[in-house]
1. For the peptides 131-137, 100-106, what is the packing order when you average, over each peptide's residues, the other Cβ atoms within 10 Å and list the highest mean first?
2. Can you match semi-axes √(5λ) of the Cα gyration tensor in Å to one of these, [x] 37, 18, 17; [y] 25, 19, 14; [z] 46, 19, 16, based on a calculation from the structure here?
3. Note the angle between two axes, namely the Cα long axis of helix 83-96 and the longest principal axis of the Cα atoms of the chain, as a number of degrees from 0 to 90, rounded to the nearest 10.
4. What is the spin-label model distance, in nm, from residue 132 to residue 71 if the labels are put 7 Å beyond Cα along the C-beta direction?
5. For residue 123 and residue 59, what does the FRET efficiency come to when R0 = 35 Å and r is the distance between their Cβ atoms, rounded to the nearest 0.05?
6. Distance in nm between label sites at residue 150 and residue 109, each 7 Å beyond Cα in the beta-carbon direction?
7. Obtain the nm distance between the two label points defined at residue 22 and residue 95 by a simple spin-label model: each point lies 7 Å from its Cα along the Cα-to-C-beta direction.
8. Tell me the angle of helix 40-59 to the major Cα principal axis of the chain, expressed in degrees between 0 and 90 and rounded to the nearest ten.
C-alpha cells in the first residue's frame, strides 16, 4: 500500500494447498497484478489499521510471537488470517445487520455492479477487477449495463441537429 498516493498494489494472494496449509503466492493471471486507486475514506480506515497493527506488533499480548509478513489485516501474531475465520466474521456481521447470507465473493460482484451502473467505463472497471480483457467483464457483468438506447438517441439527435 502507498497511502500517501492512495494506491493499493495487488501482487500476491493467499492460497490453500490441498494439504490445508495456507501459502502466499502470485495471482492466477498477469492482469490480476494491478494497482488500485482508493479514496480518502478508505485511506483513513487503512491508516487506522496501520496504527492497530503497530500496537499489536509493539505492545500487544502476542508481540513476542509476532511474525512480520507485511499483512494489512494480520492475525494477532502477524500471519495471514485463515479465510474460514474471515468468512465466519463476515456471516456474523451480515446477521447482526439483518442482511441475507451471501458469499464473500458477492462483494466483488457488488463492486462491479456499482461501477457499471454508475457510468464507470468498462475498460476502467475491467482493469480494476483484474480481468485480462474488457470482454470478460462484459461477459460476466454485461447484463448489469442499461441498454442506454434513450441516451444514445438524445445524443445523436443533439449532434445531428
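1. For the peptides 131-137, 100-106, the packing ranking is 131-137, 100-106.
2. Computed from these coordinates, semi-axes √(5λ) of the Cα gyration tensor in Å corresponds to label [x].
3. With both axes taken from Cα atoms, the answer is about 70 degrees.
4. 3.2 nm
5. Details: r = 46 Å, r/R0 = 1.31.
Computed FRET efficiency for residue 123 and residue 59 comes out at 0.15.
6. Here the modelled spin labels are 2.7 nm apart.
7. Using points 7 Å along Cα→Cβ, the separation is 2.1 nm.
8. The two axes meet at around 10 degrees.
All of the numbers you see were taken from the coordinates with simple rules; none came from a lab. The structure displayed is predicted, hence computed values, not measured ones. Every residue, glycine as well, gets a Cβ built from its backbone with ideal geometry; the counts of neighbours run over all protein chains shown.
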